[in-house]
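The values are calculated or read from the model by the stated rules, or taken from the named source; none is laboratory data. Since the structure is predicted, the reported quantities are computational estimates derived from the model, not experimental observations. Every residue, glycine as well, gets a Cβ built from its backbone with ideal geometry; the counts of neighbours run over all protein chains shown.
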Amino acid sequence: MTQIHIIDDDQALCELLQEYLEQNGYEVMCSHNGQAGLDSTLTHKPDLVLLDVMMPELNGFEVLRQLRPKTQVPVLMLTARGDEIDRVLGLELGADDYVAKPFSHRELVARIQAILRRLNPPEQNVGPLVLKPERLEASFYDQPLELTAAEFRVLAILYETPGEIVDKDSICQQAFGRRLQQYDRHIDIHISHIRKKMADINATETIKTVRGSGYQLLVNP
């Protein structure tokens, strides 16, 4: 059974979410402050984390900052305001997606399902780039490519049609199950992170930006 870890100091909200998610077939555990959430995530290794931003002891950003060097567990940020600066900071720190409070339970489940679904595409091998979805592993020129779950899914979308241009809205819909919003830099940030990690291994341009159109994977089969 897929285990979801909710880290949020609003205990009433946690109880409501736990009941709803369990009705949808998930196993749920809860932590009510950042430090406890960080420790429990590293100990129990859940399949996905719902992480609130504003919490005592450690806020959500600091929890994410400490999690990422140790685990690539998918993280869906819960932000009260939905401000762009909060969304961008969360993505920069390695969050997979975000949802602004208040949100519908149905939307939350859809976001969770989209994240988990994109973790299991078929294994692919395009030139020096190899993906192993069952282990969420990637390699480039035979060296490990350390990607977050979100980065892995974005790269997998480009992998499906190497050499073809894929627009950002299509990437967002396929990888995260939602339309790209105006001024949303979600995909740009993930692509930037992927490029940097690939360039650290080999400086050859691999993902090309096609202005006004989208992105193109340049690795030849």
- Item | Selected residue (criterion: nearest to the chain's Cα centre (by Cα)) from residues of the range 60-85 that are closer than 17 Å to G34 by Cα and among the charged types (D, E, K, R) | R68
- Task: May I ask you to verify whether F152 is touching a residue at least 12 places away in the same chain (Cβ under 8 Å), over 17 Å from Q216 (Cα atoms) and outside the structural domain of V73 (by TED's automatic domain parsing)?
- Result: no
- Candidates I207, I189, I157, I201 - the one that is modelled with pLDDT of 90 or more and within 15 Å of D96 (Cβ to Cβ): I189
- Query: So which residues in the range 187-206 are outside any loop (DSSP other than H, G, I, E, B), in contact (Cβ under 8 Å) with a residue 24 or more places away in the chain and more than 19 Å from the chain's Cα centre (by Cα), if there are any at all?
  - Reply: I201
- Message: Tell me yes or no: at least one residue of the range 28-40 is within 19 Å of the chain's Cα centre (by Cα), assigned to a loop (DSSP other than H, G, I, E, B) and either touching a residue at least 12 places away in the same chain (Cβ under 8 Å) or not assigned by TED's automatic domain parsing to the domain that holds P133 (or both).
- Response: no
- How do the pairs read when you match residues in the range 44-58 that are more than 15 Å from Y26 (Cα to Cα) with residues anywhere that are of a type outside the set (A, V, I, L, M) and part of a strand (DSSP E or B), using Cβ under 6 Å and keeping only pairs 6 or more apart or on different chains? V53/T79
